[in-house]
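Down below is the structure, laid out as structure tokens.
Derivation of every value follows stated rules applied to the coordinates shown; laboratory data play no part. Quick caveat, the model's predicted, so the values are computed rather than measured. Methodologically, a virtual Cβ is constructed for each residue, glycine included, from the backbone with ideal geometry; neighbour enumeration extends over all protein chains shown.
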Amino acid sequence: MSITPPSVPVLRGRKNTLLQFDGSALILRRGDKEHHIPLAAVALVRSDGRAVEVVLTASGGSAPPVVHRVEDVGESAAGAFASAVIGALPSPSPGSGPVDGSSLVTVRTIASEVARKRKRLWSWLGALAFVLVHVVETVLVTVAGDPALSVLVWMCAFCSGVLGLAALRVMPFGKPRWRLATDGVTVIARYKEYVDGMYVYDFTDLGGRPYAYAPHDYRGDQVELVYDPSDPFNGVERQFVLGRRALLFPMYLFGIPAVFFFLLSFSLLFAA
């Protein structure tokens with residue numbers, strides 16, 4: 001009977017730090033930064049109780065090797081993770097000298113994820129304030145001796161809430177895509193291979209570091225991409241770059257009527 005090998009644990013440590021192994025590289029997330037560490041840049045992975053250290057290769061100079069440390073993880077998971085990565089490390093090529101592992105590491109800003117969480121928090125706080133305001137307004141209208149008017153207040157509140165929620169859902173978050181049209185870097189990405197249902201196109205950033213763009217359909221031998229120079233992972237095809245007006249129009253379409261019904265509910269309070 002065959003035995004399925006155990007899955008490599010995903011380590012979640014202090015301050016929302018995450019370390020995982022995707023089979024070819026280590027992914028380390030700290031705050032809004034994501035480090036992509038290929039196995040060729042890893043010299044050693046060791047567990048130390050409830051901590052794991054990823055030691056990068058050094059070029060042999062006087063500078064010490066770079067060490068990434070993740071703390072407050074499960075002790076058993078740390079040991080299993082270290083063993084799995086060590087077993088997957090490639091053997092050094094004969095005659096090849098040591099390389100600087102830090103030069104192989106790519107770092108990107110996951111500001112879109114941070115913005116998404118911030119948007120979700122403010123949405124919940126806004127919804128709570130919205131409900132509290134209309135509850136107080138309904139009480140005041142009822143005390144004023146016009147309970148029937150409170151029904152109109154809640155009808156306006158319902159319309160305002162639904163339209164406001166729709167406006168929030170279509171509101172752009174993260175780095176505005178319209179900035180790519182003026183601040184982005186345009187490059188030509190060339191088709192490389194078909195992997196896991198995606199057509200992979202390669203390009204390099206201004207520093208010569210390689211990146212990939214992977215749409216789900218074939219775009220031809222080459223595509224014109226626009227990427228954020230501070231975060232090359234945040235890129236899009238030139239033909240899909242939309243301007244500020246196009247991206248904000250859906251939000252205005254729902255947001256303006258939402259504000260209208262919100263103000264109408266307040267006018268009913270003064271009418272009472």
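Numerical summary
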read-out: Kirkwood-Stokes translational diffusion coefficient of the stretch 11-109, alpha-carbon pairs, 37 °C, 0.692 mPa s, µm²/s; value: 238
read-out: Cβ-based net charge around residue 71, under 15 Å, with every Lys or Arg adding one and every Asp or Glu removing one; value: +4
read-out: Among 79, 31, 126: highest mean-square fluctuation, GNM of the chain, C-alpha pairs under 10 Å; value: 126
read-out: Long-range Cα-Cα pairs in the chain (distance over 28 Å), rounded percent; value: 58
read-out: All Cα pairs of the stretch 112-272, percent lying beyond 29 Å; value: 44
read-out: Other-chain or far-sequence residues with amide H under 5 Å of residue 106's (modelled H); value: 36
read-out: Cut-off 15 Å between beta-carbons: net charge of the residues surrounding residue 220, Lys and Arg +1, Asp and Glu -1; value: -2
read-out: Helical contribution to [θ] at 222 nm, DSSP H n ≥ 4, -39,500 (n - 2.57), averaged over the chain, rounded to 500; value: -13000 deg cm²/dmol
read-out: HN-Hα J in Hz across the stretch 73-87 - Karplus 6.51, -1.76, 1.60, θ = phi - 60°, x for Gly and Pro; value: 10, x, 5, 5, 5, 4, x, 5, 5, 4, 5, 5, 6, 4, x
